[in-house]
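Reading through the structure tokens given below for one structure.
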Amino acid sequence: MIVSFNWLKEYLNIDIDVAVTSEILTSTGLEVEGVTELFTAFDHLVVGKVIKCKSHPNADRLKITQVDVGSSVKQIVCGANNIDVGQYVVVVLVGNNLVNNKGDKIKIKKTKIRGEISEGMICAEDEIGLGDNHDGIIILDKNAKVGMLLSEHLGIQKDYAIEIGLTPNRTDAFGHIGVCRDLYAYH
């Protein structure tokens with residue numbers, strides 16, 4: 001069974017870290033088999049605004065964009081067919097890792113694509129692990145603020161998925177409330 005660390009903390013209103021929580025659960029008979037960090041890629045994804053967009057001179061399906069990311073304007077080559085001027089988009093900048101929905105990490109580098117410099121990447125849902133859609137880039141609403149972290153805009157907090165190996169005699173721990181009871185009893 002998998003439980004959310006943030007939900008456990010919210011239900012119990014306690015301030016302990018995930019490692020201590022895992023040790024407590026294991027000592028109470030709810031053996032923790034693994035902990036997976038969620039939404040780690042959201043630490044560096046920023047909101048950008050497309051201020052210019054033109055066709056790539058050396059590729060039919062690519063566009064060269066100028067994207068305001070708050071601190072500067074970056075030139076980004078994009079292959080999405082739904083990109084246009086004025087859109088608020090999700091950008092991962094050079095030097096950061098992109099974690100897709102399969103868990104693959106890709107280091108974003110300043111590169112030349114068909115002779116044009118690209119200083120980042122404008123992202124689709126599946127490229128950041130937010131969903132399975134790859135039909136085009138994510139277009140954010142007009143309430144997004146240029147340069148703000150995507151996690152702030154969407155209200156997403158980093159979380160951990162705690163995988164518990166339940167035995168058939170522990171049906172009391174088949175949900176978050178049951179797991180919280182064990183944590184509370186230990187605390």
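The values are calculated or read from the model by the stated rules, or taken from the named source; none is laboratory data. Predicted model only: the values in this text are computed from it and were never measured. Neighbour counts run over all protein chains shown; Cβ positions are idealised from the backbone, glycine included. Accessible surface areas use protein heavy atoms only, side chains included; no ligands, DNA or RNA. Shrake-Rupley method; radii C 1.70, N 1.55, O 1.52, S 1.80 Å.
Couplings 3J(HN,Hα) of the range 70-77, computed from phi: x, 7, 6, 10, 10, 8, 10, 8 Hz, in residue order, whole Hz [Karplus 6.51 cos²θ - 1.76 cosθ + 1.60, θ = phi - 60°; x for Gly and Pro].
Put the Cα centre of the range 1-43 next to the Cα centre of the range 118-133 and the gap is 27 Å. Rolling a 1.4 Å probe over the protein chains gives Arg114 an accessible area of about 150 Å². Farthest toward the positive end of the dipole of the range 122-187, out of Asn143, Asn133, Gln157, is the Cα of Gln157, where the dipole comes from beta carbon charges about the Cα centre.
If contacts are Cα pairs under 8 angstrom and at least 6 residues apart, what is the relative contact order of the chain in percent?
Numbers: 373 pairs, mean separation 58.8, N = 187.
Over the chain, the number comes to 31 percent.
Full extension of the segment from Ile139 to Val73, taken as 0.36 nm per residue of separation minus the current Cα-Cα distance, would add 22.0 nm.
In the chain, a dipole from Cβ-located charges (positive for Lys and Arg, negative for Asp and Glu) runs towards its positive end, and of Gly34, Val18, Ser71 it is Ser71 whose Cα lies farthest in that direction. Residue pairs exceeding 31 angstrom between C-alpha atoms, taken from Lys110/Lys145; Lys52/Lys158; Lys9/Lys142; Lys9/Lys110; Lys9/Lys102: Lys52/Lys158; Lys9/Lys142; Lys9/Lys110.
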